[in-house]
Amino acid sequence: MALGTHSAAAAFANSGPAAGVESDREFAFSDADFRGLAQVAYEQAGIALSDSKRNLVYSRLSRRLRALGLSTFREYREFLAENMAERESFINAISTNLTKFFRESHHFDHLRSEVVAKFAKANAASLGRMRVWSAGCSSGEEPYTIAVVIKKEIRDLERHDIRILATDIDTEVIGRGARGEYPGNSVDDIPRPYQEYFTPTGTGDTLAVDRQARALVAFKRLNLMEQWPFKGVFDAIFCRNVMIYFDGPTKAKLIQRYTEKLKPGGFLYIGHSESLNGSHPGLSLVGRTIYRREA
Ligand SMILES: C[S@@+](CC[C@H](N)C(=O)[O-])C[C@H]1O[C@@H](n2cnc3c(N)ncnc32)[C@H](O)[C@@H]1O
């Protein structure tokens, strides 16, 4: 993903010695350091870090500097430029992973009635196929919410071919999602009819997601800015509270790619603060932050 005419390396080279260093911090952190790191975030992940994210970048990356035994952000930028493996830790550190079960629950009411219940009815006597994608799934609460909604609605689950693809750029959250265990107080976010699918593990105050619901979900690392390695289309795509970190052109391109990946009649669910501006051929708004791919 290009940003203007400068590459991250060029931004680094042009940065000047220690312009704008704030000296009362544990690590020297100049304007040029922030700009250079913001450029890497944009080029690698499409994440647009505005000036207001300066303190956040400092505090999240300070942990990396400590772990690596570095003493300035300039050293960290040099290290990042030379070590491809550090890019993963960099992205993991700067991505915002806030999520919870049944977040923006009206989306799951819609999914249940317009996708899952209709699927169950249409396939009462046949073998059905359903694909749902949670794009930017963080630690798994979103795809597991989808899984338990499906499990509750479709009693003969094993007869059908149902898969939920859960992807994120951040390898750390993907690992947590794949484990399928959550703190006991997560139950507060789960409506009572679904609490039966979250049971104490017996170790600490931890809940495990129902085995059959878990088996519906496949976690994979995927950077949305890169090529998508799957061929099929989806009945529903969730990309919620992810595009808020992207700029307008990145978001518009992503929406176009999602539209191509939806079945005619399939649904795109986006976050409450992400409503789509401009025209999006092939999509119609059918509910609060819910779009339908035209047939
Ligand atoms: C705030 S969480 C949203 C989680 C969930 N969708 C929800 O609404 O609760 C945003 C997620 O987007 C992921 N993300 C950011 N940039 C990404 C990219 N370029 N490709 C894939 N995932 C990305 C982050 O790692 C993070 O886990």
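Can you tell me which residue among 195, 227 is outside the structural domain of residue 89 (by TED's automatic domain parsing) and open to solvent by 70 Å² or more (accessible area, probe 1.4 Å)?
Among 195, 227, only 227 is outside the structural domain of residue 89 (by TED's automatic domain parsing) and open to solvent by 70 Å² or more (accessible area, probe 1.4 Å).
For beta carbons closer than 9 Å, sequence separation of 6+ or different chains, a first residue in segment 74-100 that is more than 14 Å from residue 172 (Cβ to Cβ) and at pLDDT 95 or above and a second that is away from the ligand (no atom under 16 Å from the Cβ) and of a type in the set (Asp, Glu), the qualifying pairs are 74/33; 76/33; 76/86; 77/33; 79/86; 80/86. Residue-level check: of (1) out of contact with any Gly (no Cβ under 7 Å at 6 or more places or on another chain); (2) surrounded by 14 or more Cβ atoms within 10 Å (Cβ to Cβ), residue 278 misses just (2). Only one of 250, 203 is among the polar types (S, T, N, Q), over 18 Å from the mean Cα position of the chain (by Cα) and either on the phi < 0 side of the Ramachandran plot or open to solvent by less than 20 Å² (accessible area, probe 1.4 Å) (or both). Can you tell me which? After ruling out the rest, the residue left standing is 203. Per the listing 90, 101, the residue uniquely of a type in the set (Phe, Trp, Tyr), crowded, with 18+ Cβ neighbours inside 10 Å and touching a Leu at 6+ places or on another chain (Cβ under 9 Å) is 90.
Residue 72 versus (1) out of contact with any strand residue (DSSP E or B) (no Cβ under 8 Å at 6 or more places or on another chain); (2) more than 30 Å from residue 262 (Cβ to Cβ): which is the lone unmet condition? Of everything listed in (1) out of contact with any strand residue (DSSP E or B) (no Cβ under 8 Å at 6 or more places or on another chain); (2) more than 30 Å from residue 262 (Cβ to Cβ), residue 72 misses just condition (1).
The requirement of being within 21 Å of residue 106 (Cβ to Cβ) and either outside any helix (DSSP H, G or I) or under 20 Å from the mean Cα position of the chain (by Cα) (or both) is not satisfied by residue 232. Taking first residues from segment 228-247 that are within 22 Å of residue 115 (Cα to Cα) and partners that are more than 12 Å from the ligand (Cβ to nearest atom) and of a type in the set (Phe, Trp, Tyr), the Cβ contacts under 6 Å between residues at least 6 apart in sequence or on separate chains come to 236/267; 237/258. Checked against (1) away from the ligand (no atom under 16 Å from the Cβ); (2) open to solvent by 30 Å² or more (accessible area, probe 1.4 Å), residue 36 passes all but a single condition, namely (2). Scanning segment 110-127 for residues that are open to solvent by 40 Å² or more (accessible area, probe 1.4 Å) and either of a type in the set (A, V, I, L, M) or not assigned by TED's automatic domain parsing to the domain that holds residue 272 (or both) yields 122, 124, 125, 127. Residue 139 falls short on exactly one of the conditions (1) more than 14 Å from the chain's Cα centre (by Cα); (2) touching a residue at least 24 places away in the same chain (Cβ under 8 Å), and that condition is (1). Contact list please: Cβ distance under 7 Å, first residue in segment 41-54 and open to solvent by 20 Å² or more (accessible area, probe 1.4 Å), second residue more than 15 Å from the ligand (Cβ to nearest atom) and modelled with pLDDT of 95 or more, pairs at least six apart or on different chains. Sorted first by the residue in segment 41-54, then by its partner, the pairs are 54/34.
The values are calculated or read from the model by the stated rules, or taken from the named source; none is laboratory data. Computed from a predicted model, the values in this text were never measured in an experiment. As a convention, Cβ positions derive from the backbone with ideal geometry for all residues, glycine included, and neighbour counts pool all protein chains shown. Accessible surface is based on the protein model in full, side chains and every heavy atom, while ligands, DNA and RNA are left aside. Shrake-Rupley method; radii C 1.70, N 1.55, O 1.52, S 1.80 Å.
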